[in-house]
1. Does VAL308 satisfy the criteria of being within 15 Å of TRP344 (Cα to Cα), of a type outside the set (Lys, Arg) and either within 9 Å of ligand 1 (Cβ to nearest atom) or free of Cβ contacts under 8 Å to residues at least 12 places away in the same chain (or both)?
2. Looking only at the stretch 373-424, count how many residues are among the acidic types (Asp, Glu) and farther than 28 Å from PHE219 by Cβ.
3. Could you grab me the full set of residues in the stretch 100-126 that are within 13 Å of CYS65 (Cα to Cα) and either in contact (Cβ under 8 Å) with a residue 60 or more places away in the chain or open to solvent by less than 30 Å² (accessible area, probe 1.4 Å) (or both)?
4. With a cut-off of at least 2 residues that are among the hydroxyl-bearing types (Ser, Thr, Tyr), name the helices (runs of 4 or more DSSP H) lying wholly within the stretch 59-118.
5. Are any residues in the stretch 373-424 open to solvent by 80 Å² or more (accessible area, probe 1.4 Å), part of a strand (DSSP E or B) and under 23 Å from ILE181 (Cβ atoms), and if so, which ones?
6. Could you list all residues from the stretch 352-372 that are assigned to a loop (DSSP other than H, G, I, E, B) and out of contact with any Gly (no Cβ under 7 Å at 6 or more places or on another chain)?
7. Residues in the stretch 23-78 that are more than 20 Å from the chain's Cα centre (by Cα) and of a type in the set (Gly, Ala, Ser): how many?
8. Among the residues in the stretch 159-171, are any in contact with a strand residue (DSSP E or B) (Cβ under 9 Å, 6 or more places away or on another chain) and acidic (Asp, Glu)?
Amino acid sequence: MNESDSERILYLLEKEGYSRTNVIEKSDIIVINTCTVREKAKNKLYGHIGNLKKIKEKNRDVLICIGGCAAQDLKENIIGDFPYVDIVFGTHNIPELPELINKRISSGKNVCSIKKNGFDPDVLKVKRNYKFKAFIPIIMGCNNNCSYCIVPRVRGKEISIESGKIINYVKELVSQGVIEITLIGQNVNSYGKNLDNPCSFSELLDMVSGIKGLKRIRFMTSNPMDFSKSIIDIIKSKKNITKHIHLPFQSGSNSILKKMRRKYTREDYLGIIYEIKREIPDCSITTDVIVGFPGEEKKDFLETIDVVKKSRFIRAFTFIYSPRKGTLAAKMDDYISYTDKKRWFNELVEVQNRISYEENNKFIGNKYKVLVEVISRKNPEILSGRMENNIIVNFKGTKNLVGKLAYVYITGARTFYLTGETIT
Ligand code: SAH
Ligand code: SF4
């Protein structure tokens, strides 16, 4: 979602006559689009803003703008801590950025603009990083109340984008040469519930998949709580819906899941996993996991490891619990030491990495369609792309393949990617 917002910010600035530079010292305007989902992201932001002080001292005219989730959370405190920051804008204020810039220049005063309600993003008003693939936000905000999570506070209540609008956007993108889209939201499965013309997520997928010329449809994130069999059915029945489901489970312990307010049990979760594996055997499943939630004990952690072993995820995004001010979990007693949490975390990473490696090895010797995304920065002869199941494949090839679907024969496996050769 942040990447998608950054594409929107870039579009607005280019319309105002700015262009992108890689040399920070030469910038007229510096925008940091922030994350605050974990404390580490916030700390990093403070480091970055601190580093900008020297740049501002050398060039008083450079405009420093801080946007996104941390801005939404910290508001004018950012200017209080760093008076040389010119503009703070929240997650719902992105369309206003050009106005805020003018206001800052004409008034000579710092500006902080934070709205509470979501905006309806115009998917076409973005400067996309890729010509052939695009993110499409379909649902903004989140109505859940997971006790550890700051997202609902900084992203607001759920707002779905009208399905007709999404279809028109996708058609327009396809006419511009896009062959892969990713439908994004904090909880895509609750898409469409509050629309004037209600439309379920699987109905939306059905409509989008009918758009001619669209080769791949991805979506994320799915919440186990709202996951329905209809998603499995639609993936099975439509060739251009990719066989990859990102299904965060967070913890394998029922008592921790309850404290997290996740509204499903380990049995519910494993039930979904087994069903996906049974119905779509070549579907890849990825997940998010939190280690060290307040009150988590060794036995809870072992249940998390157990779910990881039973699910055999292709990839898991693992996090050490990070208390976020204002969330319910931040007030819970937390008596496990950070050292223990870190040890458990390392243990989990080790188990998952082994599984990823073993699962990746199963692809060796077969050929797959890969959407070629980029040329390697380290070696211009190496291309990198993704298989339908979202696994990255690096292989030797020429740059004319970028943006195209190529058949690749898999020759090797690493923990996080595969290697291969093009088939001519
Ligand atoms: N809406 C998605 C998740 C969005 S946040 C969902 O419900 O699955 C992305 C991931 O960050 C979460 O899945 C969770 O694993 C992690 N996360 C969120 N808050 C966290 C916190 N306070 N500490 C550690 N990890 C956190
Ligand atoms: Fe956060 Fe839970 Fe909403 Fe995901 S579903 S964004 S974890 S509150």
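1. On the way: within 15 Å of TRP344 (Cα to Cα): yes; of a type outside the set (Lys, Arg): yes; either within 9 Å of ligand 1 (Cβ to nearest atom) or free of Cβ contacts under 8 Å to residues at least 12 places away in the same chain (or both): no.
Judged against the criteria, VAL308 is not a match.
2. To start, the set of residues in the stretch 373-424 that are among the acidic types (Asp, Glu) comprises 373, 381, 388, 421.
Subset that is farther than 28 Å from PHE219 by Cβ: 381, 421.
Matching residues across the stretch 373-424 total 2.
3. LEU100, ILE101, VAL111, SER113
4. 97-107
5. Within the stretch 373-424, just TYR407 meets the criteria.
6. Of the residues in the stretch 352-372, the ones assigned to a loop (DSSP other than H, G, I, E, B) are 362-366.
LYS362, PHE363, GLY365, ASN366, listed by residue number.
7. The total comes to 3.
8. Our first condition is that a residue be in contact with a strand residue (DSSP E or B) (Cβ under 9 Å, 6 or more places away or on another chain); within the stretch 159-171, this holds for 159-161, 166, 169-170.
Pick out the ones that are also acidic (Asp, Glu) and you get none.
No; the residues of the stretch 159-171 include none that is in contact with a strand residue (DSSP E or B) (Cβ under 9 Å, 6 or more places away or on another chain) and acidic (Asp, Glu).
The values are calculated or read from the model by the stated rules, or taken from the named source; none is laboratory data. The structure displayed is predicted, hence computed values, not measured ones. Glycine gets a Cβ as well: all are built from the backbone with ideal geometry, and neighbour counts include every protein chain shown. Please note that ligands, DNA and RNA were not included when accessible areas were found on the heavy atoms of the full protein model with its side chains. Shrake-Rupley method; radii C 1.70, N 1.55, O 1.52, S 1.80 Å.
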